[in-house]
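Structure, as structure tokens:
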Amino acid sequence: MSGWQALLKGELILTGNVLFGLLLGEILLRLRPAERLLRRFLPAMKRRGISPVVATALATSLGSSRAGASLLAVAHREGRLSDEKALWGTLSLAFPGYLRRWITTATLSASLAGMTGALFASVILLRSFLRFALVLLLMGRNGEEEIDETGEISGPRVTGLYRRVLVTLPWAWTFYALAFTCVPHLERFLKGLMGGDLLLPPAGWAVTAAGFGHLSASLAAAGASLSLGDLTRSEALFALLLGNALGLFTRALRQNAAFWFGLFPRDLAQRILLCHFATTTPLSLLTLVAAALPLIGR
């Protein structure tokens, strides 16, 4: 498949995701299935600054974080969520969505890299939970907002949905095209910087570089290096975490950013992307520093 064909295929998939997400958000916001299930917990959530719409999105994101984000986008467009609540609500959806996948991740990690892989999966889960708690804290500190407590929503505003699609889709297409073009060059640049024996032997940098491709590739490389004695457990854990941290940055540009630009107004989508990096980077650095301590001064 040529580069142009791959770009067109990605743009078509993105368009389908955005359109489906907006329509699904309209349906979920009107039916409110998860909110009914969470009704007994809503007063406590509201006291902590979490609106019923965000609570519904959190429950929905257990199945799909993109579906939860779509619900928040529709609620924001209809005036039921402020910019701040939509921002922090969207960022909070990653952890419930990750919980669904974590069992598979943990099993894969343990099977490919043994105890080191299991520790890696546990660190990633802890890091995700800490970020989730931080986002909820920041969302609660933004205070209460006026919310339609009855949950009654006027009939479907098809014209508004069409207008929303016409405004946001071009931004989503543009951002995806930029990411499609630039991110591979960024990944090659970062791979080019990896080498030598600073903190890690060559096998460790190979594990880190594999993290750009897929988690299973990085774990398989770590498992092979551990079994051959090319890496210690400390080196393998640091290499896995470093590859994951660098991959978080490039995957956010390629996957999440274009979707957010397709759902939210441009200014809000930019803030979501910046706050995403602002909340993920410090925790990633913290785990990397902790994992690097056994490697320093050897």
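Any read-out appearing in this document is the output of simple, stated calculations on the displayed coordinates, not a laboratory observation. Remember, predicted model here, so these are calculated numbers, not experimental data. Note: ideal-geometry Cβ built from the backbone for every residue, glycine included; neighbour counts use all protein chains shown.
A compact table of results
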{"quantity": "Ranked packing of 62-70, 288-296, 85-93, most packed first, by mean Cβ within 10 Å", "calculated": "85-93, 62-70, 288-296"}
{"quantity": "Residue-wise HN-Hα coupling along the stretch 223-235, computed from phi with Karplus coefficients 6.51, -1.76, 1.60 (Hz; x: Gly, Pro)", "calculated": "x, 5, 5, 5, 5, 7, x, 6, 10, 7, 4, 5, 5"}
